[in-house]
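Asks: Sharing a structure, written as structure tokens. Questions coming.
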């Protein structure tokens, strides 16, 4: 009964942590904070986790320039540390990274999204383009796809008429060489006859009904042939995915798996649904679609955050802030003619000296561009630092892709970075700040 | 507690049981509901004329302001509409000035000094769930209820300030209080289809059916509403528009005030459950939980 | 005592003509109830079916338990007019004054030979209480008329429009009442009337007695004599009183009890002589009686027809279920109700969407205006397209709240009238905008907008939002990254209701059109007009774009443009294409 809810919370309450940002890093930071019984509030746009693919990368490419792929992510991390890069991973031990993953995975599992991984191996996942992607951890609904690809067993890939983002033929054509036993099949999704264009989420919603699943299975079953797996675009429900996968597998008599699609895709909606519904139940106050307009600091060092709504602005008091606003997409970093800046705290940034040196001359330079490694520099406690390496505020932390010295898109380390740095930031806050201030007040 | 009671256009003639049951459940909590000469909330006009929508709503706000009463409405569309007008009047100074000029013709003005509440927020926040739990004498254990949130109270959240728009819980909390079990159903936040009734009936009914099939699949005995239009859609419209072979698949609807009233042991005379078109099997003919049903 | 209608053949002929016209008029109007097409599907419901339905309704009601409602309606609604007092006390006082004043005058005074004399054998118009009551009832009518005029002046405007019929009603009542008082007053002062009475009834035995009576009448009863020879002394008056008591008082009480006419007669004293010479009392009498006959003859065609239609309407509607309507039986009932409306404006005062009228100024929104428009709509008159559009706007802006029906003092089932009007307009090609917009697809509408704009010289962007311009402000929609979240969460796009109805342009494509400046292409799209306004797109947009608000604004703008476009016209672009 005392859960803070957005329809009734006490505006005088002082929160332990305010998380700014609603991507994976923001969500992870909120989760870790709540799990540690910190009173937590989070602000950010509604769709921060929508653009995730549903796959959880740790790292698979290093160094970026060589495009070297790693079968074992931990070895990649070790190599990176040996080379002495300033990548944020360098400030966290492998054990802590694994523990942070475990905590996230157990939360998602308990909320209905079971994840699968192999301790020391990146998994190979077929994408909607027919390419193979290395990732550390996949939703259980995609697990049989990994198995099928590993064994190259006979497999039927199904697509739906009108679903433009996914073509079974494209997948089959691309993979024909290495996987001859894979066949494409196109069916009309039940109830969509006559429609030129259909949308993934709508199919997912329709599949929540058993009659739709039965109708779909009736279309696929006659075409099964020798197939020992059936692959479908990732549209198997939003809330009841595991039930739907099991039901379809039972109806078809063979294991069924999902193939991830380009974001924003159904797995992103699933993740969003889980974070949006489970975290508030655990006690998070979520301020949805509200941005922090400005920040002040009280005499005692607490942050006073002005949350802008259109007609009601409110002030949130928090003992600390975890900044997880991302880079340009999440509007964590903005740019003007002079360069890049961080709009909320105006933090000093690691960035190329002038606009001209943002990018290499060739657009597709495999090493990436200097701008891709720009961001906030932090100390070992993930506190943003000034030019002399001193933390700017002892109670301001940063996590996720806003951090400098990493190129997550090319290194394939986005979700791992988000989860691990959020974990480190929350723990650092408890250790350095909560305990110090507790000692001081005692 | 005293509120101006905003019934909206449809309750008096189409859903009188919503008014009687609301009054009946509010009375034991000492809530007084006052009638004022309100007009249409403005929602139906928003499609065509923005200004007249704002003015209609603002006039209601001004009427309540004159009596220094907060407004409570049992209808989610009216709630959304009044909140929207409030929002625009706060935000847009020119609009505020112009609307106030027209209001001044009948001696009214809008200053923004009163609040608009929905029935559920009054129950949950003003009266408080503990008081509601304490008032239950006949818990409805065994009844599986699908809470239908209703769009216009829930979204857009930065205007209506009702509950978490993506993961609301207020309705389930209120249902749990009656002893009934709220079911989790994927489409709980979707539209009932009523706004399109008369404009595109096929579409309106299709939206309604996707919800009722989902509720049925999720094991709900009934859909619970706290909105005039949603209730009309799931009750009268569903009954009138479902042809014979499919009538078995209908999911009846009940107003939250009726559900609460039942669990508070209030008489049928004020709850008017018999006036609902569709009846809930588990409640039996006397709207008492049949002991053998569970 | 004056003989009935002065025994004048002319007046009798007039009376019978008036009665004839009145009877014929009533019959004519009743027949018309069954012939008017006051609802949809009129062609398939011939008049005999309407008669049959009405008869069946009548019979089933008479033989049902509901028949007892009849007495309740008759007593409370018809006689005590409680429906009026519920909404407006001053109107009730006005109406009760006129109704009871006039009805009692009719029975007690106009039909005295037929009614009063039968009930009170000693009746004499110049005896009390009859003389006093006549003045009292007349006063009631005059007070009522005065309140009516005051109300019409005080509340004048579209909510209470005063038309010819209202003016006529007030004027004819005023003429009848004032002429009546003038007849009485001019008789009081008239010497020749006095002389006639003396001749007929007096037992005075000599000039001295006559002088005494004259003296008494002159000083006490107000008669004005050309010359009284002897001076009027108290003794003479006392003697006159005695004689008066003996021979006159049995059928003539003091004129002072005619408490209106007597003061009027005092005012007339200075001109009493010339008036007497021209027989003013007879002239006034003619005016009075002819005005009554005129009112009688014109009754079926005037507002006063409501004294017949209103009780009927109250009884019919008071005894039937207003929500369950049988179309065949409803047609004549609706036609009767159109005749029953007295244009009192109560419905408009309580109308739930009257504030919309305040903003957009379309009078067709007001129920009091709508009911008179329905009359012309049903009469088969050709109505111009512009006008039909305005009328249809009034029809669909109504929220069907039944409030007007609740407050209508006559008990007209106004809500049913509006339902019928909506259907009738839909038959004529004027349904809800959401329906007629779909006559064309988005690009056809865009062609039509362009054709419309080139044919008119300018006036294109008169419909610019005065307060918000989301669809023209690139800061609002430019952040769209085309991620399709809006489309993915849209229940309307998800609903599959057949190819014809399928959504043409998804929300994220609308954002794209706005970015390209092709707003016209979005205006007539199914997405915009089938939007269920559930705000899923807006709430879920990761970029915080107010998608639903944009769709609302597009609808507003589209309606502003489309409503002025002739939907039946062939447009150039089609010709070009061929």
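Asks: As a test of the formula, what do you get for chain A when each DSSP H run with n ≥ 4 contributes -39,500 (n - 2.57) and the sum is divided by the residue count, at 222 nm and rounded to the nearest 500 deg cm²/dmol?
Replies: On the way: 12 runs with 133 residues, N = 442.
So the helix-based figure for chain A works out to -9000 deg cm²/dmol.
Asks: Which order do peptides C:82-88, B:213-219, B:169-175, A:82-88 fall in by mean Cβ count within 10 Å, highest first?
Replies: Values: C:82-88: 17.3, B:213-219: 19.0, B:169-175: 22.6, A:82-88: 15.3.
Ranking, from highest mean packing down: B:169-175, B:213-219, C:82-88, A:82-88.
Asks: Measuring from label point to label point, each 7 Å out along Cα→Cβ, what is the residue C:12 to residue A:360 span in nm?
Replies: Result: 12.4 nm between the two label points.
Asks: Based on other C-beta atoms within 10 Å, arrange C:217, A:74, C:418 from fewest to most. The partial results should precede the final answer.
Replies: Details: C:217 26, A:74 18, C:418 23.
Sorted ascending by nearby Cβ count, the order is A:74, C:418, C:217.
Asks: Obtain the nm distance between the two label points defined at residue A:83 and residue C:119 by a simple spin-label model: each point lies 7 Å from its Cα along the Cα-to-C-beta direction.
Replies: 11.5 nm
Asks: Still on this structure: If each of residue B:92 and residue C:64 carries a label point 7 Å out from its Cα toward its Cβ, how far apart are those two points in nm?
Replies: 5.0 nm
Asks: Could you give the semi-axes, largest first, of the ellipsoid that matches the stretch A:358-442, computed as the square roots of 5 times the alpha carbon gyration tensor eigenvalues and rounded to whole Å?
Replies: Values: eigenvalues 206, 41, 7 Å².
Listed largest to smallest, the semi-axes of the stretch A:358-442 are 32, 14, 6 Å.
Asks: Using the C-alpha atoms of the stretch B:47-164, what convex hull volume per residue, in cubic angstrom, is computed? Please list the in-between numbers first.
Replies: Numbers: hull volume 15.0 nm³, N = 118.
Here the figure is 127 Å³ per residue.
Asks: Mind jotting down the distance between the C-alpha centroids of the stretch C:315-362 and the stretch B:110-168, whole Å?
Replies: Each part reduced to its Cα centre gives a spacing of 37 Å.
Asks: Test of understanding: in a Gaussian network model of chain A with alpha carbons linked when under 10 Å, which of A:255, A:343, A:233 would top the mean-square fluctuation ranking?
Replies: Per the Cα network of chain A with a 10 Å cutoff, A:343 tops the list.
Asks: Could you work out, for chain B, what percent of all Cα-Cα pairs fall into each 10 Å distance bin, beginning at 0 Å and stopping at the bin that holds the largest distance?
Replies: Values per bin, smallest distances first: 6, 29, 35, 21, 7, 1, 0.
Asks: Fewest first, what order do B:53, A:189 take by the number of other Cβ atoms within 10 Å? The partial results should precede the final answer.
Replies: Numbers: B:53 27, A:189 24.
Listing B:53, A:189 from fewest to most nearby Cβ atoms yields A:189, B:53.
Asks: For residue A:131 and residue A:10 in one chain, what is 0.36 nm times their gap in residues minus the Cα-Cα distance, to one decimal in nm?
Replies: Extra length from residue A:131 to residue A:10 when fully extended: 38.5 nm.
Asks: Between residue C:376 and residue C:232, what FRET efficiency comes out of the Förster formula 1/(1 + (r/R0)^6) with R0 = 60 Å and r the beta carbon distance, rounded to 0.05?
Replies: On the way: r = 66 Å, r/R0 = 1.11.
The calculated FRET efficiency here is 0.35.
Asks: Across bins of 20 angstrom width beginning at 0, how are the C-alpha pair distances of chain C distributed, in whole percent?
Replies: With a bin width of 20 Å, the distribution comes to 16, 35, 26, 14, 7, 1.
Asks: Starting at 0 and stepping by 5 Å, how many percent of the alpha carbon pairs of the stretch C:1-120 end up in each bin?
Replies: 2, 8, 9, 11, 13, 16, 16, 12, 7, 4, 1, 0, 0
Asks: Could you tell me the calculated FRET efficiency between residue A:392 and residue A:431, based on Cβ-Cβ distance and R0 = 22 angstrom, to the nearest 0.05? Numbers along the way, then the final one.
Replies: Details: r = 19 Å, r/R0 = 0.84.
Efficiency, from the Cβ-Cβ distance: 0.75.
Asks: Ratio of the stretch C:122-242's C-alpha Rg to 2.2 N^0.38 Å, to two decimals?
Replies: Working: Rg = 21.1 Å, N = 121, 2.2 N^0.38 = 13.6 Å.
With N residues counted in the stretch C:122-242, Rg over 2.2 N^0.38 Å equals 1.55.
Asks: Continuing with the same structure: How do B:206, A:93 line up, fewest other C-beta atoms within 10 Å first?
Replies: Working: B:206 21, A:93 13.
With the sparsest Cβ surroundings first, the list reads A:93, B:206.
Asks: I've got another one for you. Per residue of B:164-177, what is the mean number of Cβ atoms on other protein chains within 10 angstrom of that residue's Cβ? Mind dumping the intermediate values first?
Replies: On the way: counts 11, 11, 14, 14, 5, 6, 4, 0, 0, 3, 0, 0, 0, 0.
So the per-residue partner count for this stretch is 5.
Asks: Further question on the same structure: Rg/Rh for the stretch B:211-276: what does it come to with C-alpha atoms and Rh from Kirkwood?
Replies: Values: Rg = 12.5 Å, Rh = 12.6 Å.
Reported Rg/Rh, Kirkwood definition of Rh: 0.99.
Asks: On to the next question. Quick one: give the max-minus-min coordinate of the C-alpha atoms of the stretch C:90-179 along each principal axis, largest first, in Å.
Replies: Extents along the principal axes, in whole Å: 52, 22, 19.
Asks: Can you compute the radius of gyration and Dmax for the protein assembly as shown, using only the Cα atoms, both in Å?
Replies: So, for the protein assembly as shown, Rg and Dmax equal 41.4, 153 Å respectively.
Asks: Another one. Would you mind getting me the FRET efficiency between residue C:44 and residue A:218? Use the beta-carbon distance for r and R0 = 45 Å, nearest 0.05. Walk me through the numbers before you get to the answer.
Replies: On the way: r = 46 Å, r/R0 = 1.01.
Efficiency computed from Cβ-Cβ geometry: 0.50.
Asks: Based on alpha-carbon centroids, what's the gap between the stretch B:1-47 and the stretch C:265-308 in Å, whole number please?
Replies: Rounded to whole Å, the Cα centres lie 54 Å apart.
Asks: What is the stretch C:199-350 by shape, rounded, prolate or oblate, if you read a ≥ b ≥ c off the alpha carbon gyration tensor as root eigenvalues and call it rounded for a/c under 1.5, prolate for a/b larger than b/c, and oblate otherwise? Kindly include the intermediate steps, with their values, before the conclusion.
Replies: Working: a/c = 3.94, a/b = 3.37, b/c = 1.17.
Prolate shape, in that a/c is at least 1.5 and a/b is the bigger ratio.
Asks: Give me the tail of P(r) for the stretch A:183-238 as a percent: Cα-Cα pairs with distance above 16 Å.
Replies: Working: 683 of 1540 pairs.
Tail of the P(r) past 16 Å holds 44 percent of the pairs.
Asks: Then there is this: For the stretch A:250-397, compute the orientation-averaged projected area of the C-alpha convex hull (one quarter of its surface), in nm².
Replies: Working: hull surface 60.7 nm².
Averaged projected hull area, Cα only: 15.2 nm².
Asks: How crowded by other chains is C:526-532, given as the mean number of beta carbons from other chains within 10 Å of each beta carbon?
Replies: Details: counts 2, 0, 1, 4, 5, 4, 14.
Taking all residues of C:526-532 together, the mean is 4.
Asks: Further, regarding this structure: Given a cut-off of 33 Å, what percent of all Cα-Cα pairs of chain A lie beyond it? List each step's numbers first, then the result.
Replies: Working: 38029 of 97461 pairs.
Result: 39 percent of Cα pairs exceed 33 Å.
Asks: Kirkwood hydrodynamic radius (Cα pairs, Å) of the stretch B:154-294? Spell out each step's value before the answer.
Replies: Details: mean 1/r = 0.0626 Å⁻¹.
In the stretch B:154-294 this quantity evaluates to 16.0 Å.
Asks: Shielding of B:200-207 by partners, i.e. mean partner chain Cβ atoms within 10 Å per residue? Each step should come with its number before you reach the end.
Replies: Working: counts 12, 1, 5, 11, 4, 2, 8, 7.
Averaged over the peptide's residues, the number is 6.
Any read-out appearing in this document is the output of simple, stated calculations on the displayed coordinates, not a laboratory observation. Not measured: the values here are computed from a predicted model. Cβ atoms come from the backbone with ideal geometry, glycine included; neighbour counts cover every protein chain shown.
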